[in-house]
Amino acid sequence: METARIEKRIGIRASTDRIWEVIHDLGFWDRWNPVEKSVEGAIAFGGEIALTEAIEGLPERRVVAKVGEWQPYAQLVWAENRGLWFRSMRYFEIEQLEPGSCIASNGFIFSGLRGEMFFDKHRKHLRHAADAVAEAWKAAAEG
């Protein structure tokens, strides 16, 4: 396996504008996101994002990542080199089904030998984290 992925997709009854507003405002993440805290930085190509990752069952850690891709109202992706043979990506995607109704996805992608090993060891915790973020994102956008 070259890459390993955990993803959660959820329906949200809100516009793409509203859903994007929730993730675009990095200072607001502490109020809705149970996994990524103290988020700061710039959503821009090559921009740096720093945050504290608190996945239940894993040690809390500080993350400094680079924005790899972003498209307003559709996608935010950042990547982090986590050492030799270990790279991780975190993503948020919005797909409009019709006005006021969207599918939102969030997930983790791990690559490299050590990334695969980390994924295999912590799959349950990563699944729970993606699920919790999806439910919280939905509540923040619909609320």
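The values are calculated or read from the model by the stated rules, or taken from the named source; none is laboratory data. All values derive from a computational prediction rather than experimental measurement. Please note: Cβ atoms are built from the backbone with ideal geometry, for glycine as well, and neighbour counts cover all protein chains shown. Please note that ligands, DNA and RNA were not included when accessible areas were found on the heavy atoms of the full protein model with its side chains. Shrake-Rupley method; radii C 1.70, N 1.55, O 1.52, S 1.80 Å.
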Original post:
In the range 20-65, what GluC sites (Glu not before Pro) fall in a loop by DSSP, with at most 13 other Cβ atoms inside 10 Å?
Top reply: GLU56, GLU60
Original post:
Share of the chain's accessible area from carbon and sulfur, percent, 1.4 Å?
Top reply: 50
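Test of the criteria: in the range 68-143, which chymotrypsin sites (Phe, Trp or Tyr not before Pro) are in a DSSP loop and have at most 14 other Cβ atoms within 10 angstrom of their Cβ?
The qualifying sites are TRP85.
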**OP:** Just grab the label-to-label distance for LYS66 and ASP17, each label 7 Å out from Cα along the Cβ direction, in nm (one decimal).
**Re:** 3.4
Subject >> Placed amide H near TYR73: partners under 5 Å, 5+ positions off or other chain >> reply: none
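Please identify every one of the chymotrypsin sites (Phe, Trp or Tyr not before Pro) in the range 29-68 that sits in a loop by DSSP and has no more than 11 other beta carbons within 10 Å of its own beta carbon.
Values: sites: TRP29, TRP32, PHE45; in loops: PHE45.
Answer in residue order: PHE45.
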**OP:** Report, largest value first, the span of the C-alpha coordinates of the range 28-143 along each principal axis, in whole Å.
**Re:** 44, 30, 25
Original post:
What residues have an amide H closer than 5 Å to that of ALA14, excluding those fewer than 5 places away on the same chain, when H is modeled at 1.01 Å from N in the peptide plane?
Top reply: SER101, CYS102
**OP:** Pop a pseudo-label 7 angstrom from the Cα along the beta-carbon direction at both TRP85 and ALA54 and give the gap in nm to one decimal.
**Re:** 3.3
